[in-house]
Amino acid sequence: MPTYYFDIKDGVPVRDRSGLELVSDGAAIAHSKKLADKVRREKPKGHPALKIVVIDESGREVHREQIYSSAT
């Protein structure tokens, strides 16, 4: 199974060094949506541009999941 990394970005990225083995890009995207929901519930202050960037093991960006919409 391929490994996917879930970096958090808001200006300077926080790199996911361990990654997670998942069956497909679709599974990785679904996982990023769950992570985004968790962060939304925690409501971090001062990070309006926060997003999760999914990177596959080859370094290709698979998906960007915005934590907050521009209206939030």
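The values are calculated or read from the model by the stated rules, or taken from the named source; none is laboratory data. These numbers were taken from a predicted model, which means no experiment stands behind them. Surface accessibility is based on the protein's heavy atoms, side chains included, excluding ligands, DNA and RNA. Shrake-Rupley method; radii C 1.70, N 1.55, O 1.52, S 1.80 Å.
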Mean accessible surface per residue for the chain, computed with a 1.4 Å probe while every protein chain stays in place, in Å²: 65
Fraction of accessible area attributable to carbon and sulfur, the chain (%, probe 1.4 Å): 54
For the chain, built as a Gaussian network whose Cα springs stay under 10 Å, the top-fluctuating residue of Val54, Val12, Val39: Val12
Among Ser24, Ser58, Ser32: highest mean-square fluctuation, GNM of the chain, C-alpha pairs under 10 Å: Ser58
Cα convex hull of the chain, projected area averaged across orientations, nm²: 4.8
